[in-house]
Amino acid sequence: MKSISAEELAAKLKAGEKLSIIDVREDEEVAQGKIPGARHIPLGQIPDRLNEIEKDQHHYMVCRSGGRSSNACAFLLQHGYDVTNMNGGMLAWEDEVE
């Protein structure tokens with residue numbers, strides 16, 4: 001499974017790269033802030049919302065500490081998606097949130 005550090009992902013955003021970031025945390029966690037531009041799809045809803053995740057695009061998966069996003073990556077990889085897990089999750093994110 002591919003992974004990226006929070007610092008590397010932040011650098012891609014700062015460089016103006018157009019990224020698909022999917023935050024798989026629960027509603028109350030996302031309410032405390034998420035990476036700007038990230039889409040929120042809770043982990044438990046991913047199987048029912050696959051139609052919202054483009055197969056021809058690369059996706060970066062994020063959660064609180066990296067565990068749930070790793071599970072999301074494993075599931076999506078089994079279904080033919082191109083995904084990367086952000087190591088450390090939002091606990092490692094030191095940039096701005098929305």
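The values are calculated or read from the model by the stated rules, or taken from the named source; none is laboratory data. None of the values given here were measured: they were computed from a predicted structure. Positions of Cβ are backbone-derived with ideal geometry, glycine not excepted, and every protein chain shown enters the neighbour counts.
Observations, loosely collected:
- Residues that are in contact with a strand residue (DSSP E or B) (Cβ under 8 Å, 6 or more places away or on another chain), in a helix (DSSP H, G or I) and under 20 Å from Asp27 (Cα atoms) within the range 72-94 comprise Ala72, Cys73, Gly89, Met90, Ala92, listed in sequence order.
- Selection of first residues in the range 56-77 that are on the phi > 0 side of the Ramachandran plot and in contact (Cβ under 8 Å) with a residue 40 or more places away in the chain and of second residues that are among the aliphatic types (A, V, I, L, M) and assigned to a loop (DSSP other than H, G, I, E, B), restricted to Cβ pairs under 6 Å at least 6 apart or on distinct chains, gives an empty result.
- For the range 22-56, the set of residues classified as of a type outside the set (Gly, Ala, Ser), over 15 Å from Gly80 (Cα atoms) and part of a helix (DSSP H, G or I) consists of Asp27, Glu28, Glu29, Val30, Leu43, Gln45, Asp48, listed by residue number.
- Yes/no for Val97 being hydrophobic (A, V, I, L, M, F, W, C) and assigned to a loop (DSSP other than H, G, I, E, B): yes
Each row is one residue, and each column tells you yes or no for (1) more than 12 Å from Met1 (Cα to Cα); (2) polar (S, T, N, Q); (3) out of contact with any helix residue (DSSP H, G or I) (no Cβ under 7 Å at 6 or more places or on another chain).
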residue: Glu28; (1), (2), (3): yes, no, yes
residue: Lys34; (1), (2), (3): yes, no, yes
residue: Ala38; (1), (2), (3): yes, no, yes
residue: Met61; (1), (2), (3): no, no, no
residue: Arg64; (1), (2), (3): yes, no, no
residue: Ala72; (1), (2), (3): no, no, no
residue: Leu77; (1), (2), (3): no, no, yes
residue: Asn85; (1), (2), (3): no, yes, no
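- Residue within the range 51-71 that is surrounded by fewer than 16 Cβ atoms within 10 Å (Cβ to Cβ), closer than 18 Å to Val30 by Cβ, modelled with pLDDT of 95 or more and of a type in the set (Val, Ile, Thr) present: no
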